[in-house]
Amino acid sequence: MMKKLLLLALVAGVAGCGQSVPGQQEDRGVAVESSPPGYSAMNPPVVEVAGGKLRGFMDDGTFSFIGIQYATAARFEMPQKAGSWDGVRDAQTYGSICPVPEQTTVASDEFVWPHRYWPENENCQYLNLWTQHVDVGARRPVMVFLHGGGFTNGSSIEAVAYEGKNLSAFGDVVVVTLNHRLNVLGSLNLSAYGAEFEKAGNTGMADIETALRWIQENVEVFGGDPDNVTIFGQSGGSGKVVHLMHMPSAEGLFHKAIAQSSGRAGYLTAAESARIAEVILQKLGLDETQVDALRTLPYDELLEVATVALAQVREEVGRNISWRPVVDDSYIEAEYSDWSTEMPFIVGTNYSERFSTIAIGDGRKNEWSETETHNNLRERYGEDVDAIAAEFRALFPNKKAADAYFYAHNYRQTVWQSLETRLSQSTGPVYNYLFAYEAPVNGGTTPFHCAELIYVFHNVDLPELRIATGAAPSTYAMQDTVARAWVNFARTGNPSQDGLEWRPFTNEGRGTMVFDVESKFSAFDDRKMVAMMSE
């Protein structure tokens, strides 16, 4: 309890640190206090959005506005536009994150770079924004990031790599990250129990849609272009990106999309989600007239019974369901919505997309002997190891045979499926990538699940991430290459850059950008090797 009180006191202290300063000049844009020349970067900027005035802060030349409330919502109901306020509201500390299941173990990637946790509250509809301009006429590209953690965990600040300041400064773009409802709060379908629960199985996705509408209404004040918005997400965020492209009501809210780590849109069917709600009521001894009791049930109790119900329905339907959006062919369609089919799209994965320490390695992978390498590969892939090794050498002539042990063939299968699905349902350009850069740290760390985010956000210089990457010259070059590709795509819809052309993927010519010490676009096709690894 004492730790919680101290943390809340710290949050309150930070939130209240900005005070009105005499001499401030305000308009629908930026307000900068009167100060001697050379001190303007110390002045808290004030902008006016639809609901009122917000005070941010300057961070080494970047305007930062964090913890902006974009919506409010009652439990299980659709979000409502945030209300207005008087005076100047501080946007100088992160907003609450959605409650998530209690963490009982440390994720493998946390041994390489740490995660962050924050006060949880069901009122979690907050976003963070970084920009180089507070000028309505600037009209810079807008990049909106959707965090990972499936549809169960995570937040906009969970990973240190999610900080948007450096990407904004590097690319001269507006960067936005956001929180939204998750797990039972974002996916429990109570639509059968009253009109107030309409679309209740998709309240998490509705939060994201509402945030995008807030961006459309207000981003010009922050120097952004509402007609040039790119969404990008990793892991669970990748699924959120794809689901948004399946939503008729999301038309016009964004114009390009990037799905990192698979591009697969897992879902619950309407029948599955309805059954989960039914089982929850049964477990609590409630009938359909008592569903309102779920509104006030403490979150921990609600999550506990919902987790049991989810497991029961998983057993009943015979497939590995989890908290996901509900495909109802109304709010979320089973296929890409017509309005999204011409949209430029990037999908890709990391070399070692694994959730165990196997991706991080044993600290001496690059020292394995030939015999040790052969035995390890045989242990993982079986007797066909020589044929697999031959295929691997052909695809990756600059990597060691030992690296084949760390290849995430299961994720590559998912990427091929995502590419084929997109090509069959769209006419817009589709780009594919494989992030294969090995960080020169801890005996060689192949790129695990989430690792590319350090480079996408241009955050190698953050202290925790310098440790995670080794901060070698190649590391800095890698972040320039990857961040430039993402920024160029956001600006024009084409991720090519000087000296590194990146062409669309096709069924005939294939075509993949492999990010590595020497990044290269080629007709990279690992399907044969992936099939051999999967046997």
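The values are calculated or read from the model by the stated rules, or taken from the named source; none is laboratory data. Source: prediction; values computed, not measured. We place every Cβ from the backbone using ideal geometry, glycine too, and count neighbours over all the protein chains shown.
Given (1) within 20 Å of the chain's Cα centre (by Cα); (2) among the β-branched types (Val, Ile, Thr); (3) assigned to a helix (DSSP H, G or I), where does Thr230 come up short, assuming only one miss?
Of (1) within 20 Å of the chain's Cα centre (by Cα); (2) among the β-branched types (Val, Ile, Thr); (3) assigned to a helix (DSSP H, G or I), only one is false for Thr230: (3).
Filter the stretch 341-391 down to residues that are modelled with pLDDT of 90 or more, within 19 Å of Gln413 (Cβ to Cβ) and in contact with a His (Cβ under 7 Å, 6 or more places away or on another chain), then give me how many there are.
1
Take Gly201 and decide whether it is closer than 21 Å to Ala483 by Cα, surrounded by 24 or more Cβ atoms within 10 Å (Cβ to Cβ) and small (Gly, Ala, Ser).
Answer is no for this residue.
Being surrounded by fewer than 18 Cβ atoms within 10 Å (Cβ to Cβ), more than 27 Å from Val487 (Cα to Cα) and at pLDDT 90 or above: is that true of Ala401 here?
So Ala401 does not fit the description; no.
Among the candidates Gly363, Gly348, which residue alone is touching a strand residue (DSSP E or B) at 6+ places or on another chain (Cβ under 6 Å) and either on the phi > 0 side of the Ramachandran plot or not in a loop (DSSP other than H, G, I, E, B) (or both)?
Exactly one residue qualifies, and that residue is Gly348.
Check whether at least one residue in the stretch 267-279 is out of contact with any Lys or Arg (no Cβ under 6 Å at 6 or more places or on another chain), among the β-branched types (Val, Ile, Thr) and not in a helix (DSSP H, G or I), and report yes or no.
Yes, there is a match, as at least one residue in the stretch 267-279 is out of contact with any Lys or Arg (no Cβ under 6 Å at 6 or more places or on another chain), among the β-branched types (Val, Ile, Thr) and not in a helix (DSSP H, G or I).
Would you confirm whether or not the stretch 525-534 contains a residue that is part of a loop (DSSP other than H, G, I, E, B), surrounded by fewer than 17 Cβ atoms within 10 Å (Cβ to Cβ) and without any contact (Cβ under 8 Å) to a residue 40 or more places away in the chain?
yes
Kindly check whether there is at least one residue in the stretch 306-326 that is assigned to a loop (DSSP other than H, G, I, E, B), surrounded by 13 or more Cβ atoms within 10 Å (Cβ to Cβ), modelled with pLDDT of 90 or more and of a type in the set (S, T, N, Q).
Scanning the stretch 306-326, I find at least one residue that is assigned to a loop (DSSP other than H, G, I, E, B), surrounded by 13 or more Cβ atoms within 10 Å (Cβ to Cβ), modelled with pLDDT of 90 or more and of a type in the set (S, T, N, Q), so the answer is yes.
Is it the case that Ala439 is surrounded by 22 or more Cβ atoms within 10 Å (Cβ to Cβ) and under 27 Å from the mean Cα position of the chain (by Cα)?
Yes.
Return the pair list, or none, for Cβ contacts closer than 8 Å from residues in the stretch 281-303 that are of a type outside the set (A, V, I, L, M) to residues that are loosely packed, with under 14 Cβ neighbours inside 10 Å and assigned to a loop (DSSP other than H, G, I, E, B), at least 6 apart or on different chains.
From the stretch 281-303, the pairs are Arg295/Ala74.
Would you say Val144 is over 14 Å from the mean Cα position of the chain (by Cα) and of a type in the set (Val, Ile, Thr)?
So Val144 fails the test.
Quick one: which helices (runs of 4 or more DSSP H) lie wholly within the stretch 139-225 and hold at least 1 residues that are free of Cβ contacts under 8 Å to residues at least 40 places away in the same chain and not β-branched (Val, Ile, Thr)?
Output list reads 203-218.
Only one of (1) surrounded by fewer than 23 Cβ atoms within 10 Å (Cβ to Cβ); (2) at pLDDT below 95; (3) part of a loop (DSSP other than H, G, I, E, B) fails for Glu464. Which number is that?
(3)
Give the residue that is modelled with the highest pLDDT, with candidates limited to residues of the stretch 100-118 that are buried (at least 18 other Cβ atoms within 10 Å of the Cβ) and in contact with a Leu (Cβ under 7 Å, 6 or more places away or on another chain).
The selected residue is Val100.
Considering (1) at positive phi; (2) in contact with a His (Cβ under 7 Å, 6 or more places away or on another chain), say which one Gly444 fails and leave the rest.
Going through (1) at positive phi; (2) in contact with a His (Cβ under 7 Å, 6 or more places away or on another chain) one by one, Gly444 breaks only (2).
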